[in-house]
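The next block holds one structure in the form of structure tokens; read it before the comments.
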Amino acid sequence: MRVFVQVISGAVLIGMVVVSALFYAGSVSDDQLRKWLLACTVLWFVTAPFWMERRQRAQQETQAD
Amino acid sequence: MCWFRSCGSKLVVTAAGHVSAHSMSDSVPHEPVNEYEHERVPDSALLGLKSFVGQYAGEHVAGTELMIGPLFVASGVSAFDLVFGLLIGNLLAVLSWTFMTAPIATRARFTLYHQLEQVCGRKLVVLYDAANGVMFTLLAGAMITVSATALGVGFKFRMPGLNDLLPNSVGWVIAVLVVGGLFTVVAAYGYKALARFANVAAPWMVVMFLAFGIVALSRFKTSSGVNIASVGDLWNLAKDVIWKGGDAFPGRVKFTFWHVMFFAWFCNMAWHIGMADLTVLRYARKSWYGLASAAGMYLGHFMAWICAAMLYALQLYEVNLTPAELKALADAGLLESFKSHEFLLTASKINELIQAGVWQGPPAVLPGPMAFHACGMAGLLLVVIAGWTTANPTLYRAGLAFQAIAPGSSRFRATICTGLVASLTAVFPLVTMRLLDFVALWGMILMPMGAIIFADFWLLRRFGMAPYRAAIYGLTWNWAAAMAWFVTVIVCTALVLSGGVPIFFVGLPGWFIATALYVGLSRLGRRRPVIAVKRQNAY
């Protein structure tokens, strides 16, 4: 599950760059760019806390041991 | 700029204002976290290179980047001066972390404050704390200003211009006070939660800055009609359209290659040459981990600055005048010239507009509208989140600095008071619109203490004196250090005010002055140690 969420988070960041590049190439309109960037932003903040905070917790527990 | 946001790594700014090797995100089960504030960091707590790469990359992509990049454009910088000035200046900053800060950090393994206390004495450290606290407060104010510009997009109130010192609308004042109040309450009550959020936001912020750059470039390409088929075409667009150079905008200092280079090198002077990052790098296994700062420099102080600069240049290029402004332009006989798109990118043309009464001053640097224009709501969210996640630890640290001066006061009250003062300063756009000068001033004020630490650590033994003079002589106020600090700041200030030396340049001579003064004054004030000299560190 964690790996799955991580993959989504990574894909979201890559997606943001790809959408911007497509806008540069003229394949995506201004309106579509804004919607995609907002959607990617929401997805990032929904998915990233799951694995990023877990990773921090795991690191801390490793150190505590 | 570096403003203390960790980035999912094990290095985190902790409740004591120092950097801990543990995460604060889940502090409850394992508190209290040992921050090694008054002892050497043990070998078991040392961290690998990856932790520092994450730390620096997260810290240096912050809300301030949204102001600094555009202010370069307002300073009339050319493409060559900007790109190569940043490349070399950032390299010098990385080398400063690697060869000045890290070697002391990894040998002594003390926090900056512990090191200062050993060298300068407790009372002088309190003064340092006060200076730092004031600077942090003003910086937090600047961050509040940046975030408040996002509200202007929705509420359409009048926002400050580039050269404004005072607020120019009631809406602006209300927006700043609301944003500042919110930031303050969160910093006082929910610092840890927002610090966790900042960790999560950091990678997204880096990508958003990149998106700004790509989108702005695309708009430039479309507006100018330039076809970009090669790197040469891209460079031509950069130098002929985006950063044309020429005079600075009215009221600004002209930036050359040297200005950009020294600014990039010294904007974090308090952290590398000023030694504030002793606290971070004391956890490094090897001193060359200072090279990890390159992640922050080239993501934040190169990519993010350039992308933010492009947003402002785009605003200048695609400027939309109101019907009244167009009429004034036509009355002044400048309308045809304006339509040619050659018009608004140079200072002389802006001066013509001002003289014709079309504008009151140069176009404002307003991150909210700029980001919204480029990327819509996601851009606006970046402005708010970048400002907030940067202001949060800055307010917290300012509160801690003042709390250290009055140890009996509560951290909560100190943060609330600091936040209120920061909010009031944010109402006045002076610091934000003069952020380049403010950052240089910060470095100039705190840099001498780094030079003193450097001289104490490396040079005193060579001149037959013992290091850690305050500890050895039982001093609470090391006069040699105090005089070296004060005289350096006075000389540097005099050079700026009367000698015509730009503030961005004085850090370099200032460092040599502080070092020489500290060594010289320490030699003059030699006396018998009150405690036996012992090797307190591993060098």
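No value in this document is a laboratory result; all are computed from the given coordinates. These figures come from a predicted structure and were not determined experimentally. As a convention, Cβ positions derive from the backbone with ideal geometry for all residues, glycine included, and neighbour counts pool all protein chains shown.
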Self-check item: Separation between Cα centres of the range B:169-239 and the range B:438-503, rounded to whole Å
Solution: 36
Quiz item: Where in chain B lies the longest segment free of GluC sites (Glu not before Pro) that are both loop residues by DSSP (not H, G, I, E, B) and have at most 15 other Cβ atoms within 10 Å?
Solution: B:40-317
Quiz item: Got a sec? Charge dipole of chain B, +1 on Cβ for Lys and Arg, -1 for Asp and Glu; which of B:LEU291, B:LEU497, B:PRO160 is way out at the positive end?
Solution: B:LEU291
Practice problem: Rounding to the nearest 20 debye, state how big the charge dipole of the protein assembly as shown is about its Cα centre with +1 on each Lys and Arg Cβ and -1 on each Asp and Glu Cβ. | Solution: 1820
Practice problem: Holding the Cα-Cα limit at 30 Å, pick out from B:LYS221/B:LYS349; B:LYS50/B:LYS254; B:LYS156/B:LYS192; B:LYS221/B:LYS254; A:LYS35/B:LYS156; B:LYS50/B:LYS192 the pairs that are longer than that. | Solution: B:LYS50/B:LYS254; B:LYS156/B:LYS192
Quiz item: Taking only Cα atoms, what is the 0 to 90° angle, nearest 10, from helix B:122-155's long axis to the longest principal axis of chain B?
Solution: 20
Practice problem: Using only Cα atoms, find the angle between the long axis of helix B:79-96 and the longest principal axis of chain B, and express it within 0 to 90 degrees, rounded to the nearest 10. | Solution: 10
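What FRET efficiency comes out for B:ARG413 versus B:THR476 if R0 is 35 angstrom and r is the Cβ-Cβ distance? Round to the nearest 0.05. Intermediate values should be presented prior to the final figure.
Values: r = 26 Å, r/R0 = 0.75.
For B:ARG413 and B:THR476, the calculated efficiency is 0.85.
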Exercise. Please give, to one decimal in nm, the separation of the simple spin-label points placed at A:GLN32 and B:VAL253, each 7 Å out from Cα toward the Cβ.
Key: 4.7
Quiz item: Pairing the Cα long axis of helix B:170-189 with the longest principal axis of chain B, what angle in degrees results, from 0 to 90 and rounded to the nearest 10?
Solution: 30
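So what's the projected area for chain B, the Cα convex hull averaged over all directions, in nm²? Kindly include the intermediate steps, with their values, before the conclusion.
Numbers: hull surface 99.1 nm².
It is 24.8 nm².
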Quiz item: In whole angstrom, how far apart do the alpha carbon centroids of the range B:357-435 and the range B:111-158 sit?
Solution: 10
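Which three semi-axes in whole Å describe the equivalent ellipsoid of the protein assembly as shown, each the square root of 5 times a Cα gyration tensor eigenvalue, listed largest first? List each step's numbers first, then the result.
Numbers: eigenvalues 336, 164, 96 Å².
Result for the protein assembly as shown: semi-axes of 41, 29, 22 Å.
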Practice problem: Just name one of B:TRP359, B:ILE214, B:SER348: the one whose Cα is farthest towards the positive end of the charge dipole of the protein assembly as shown (beta-carbon charges, Lys/Arg +1, Asp/Glu -1). | Solution: B:ILE214
Self-check item: Cα gyration tensor shape for the range B:378-536, rounded if a/c is under 1.5, else prolate or oblate
Solution: oblate
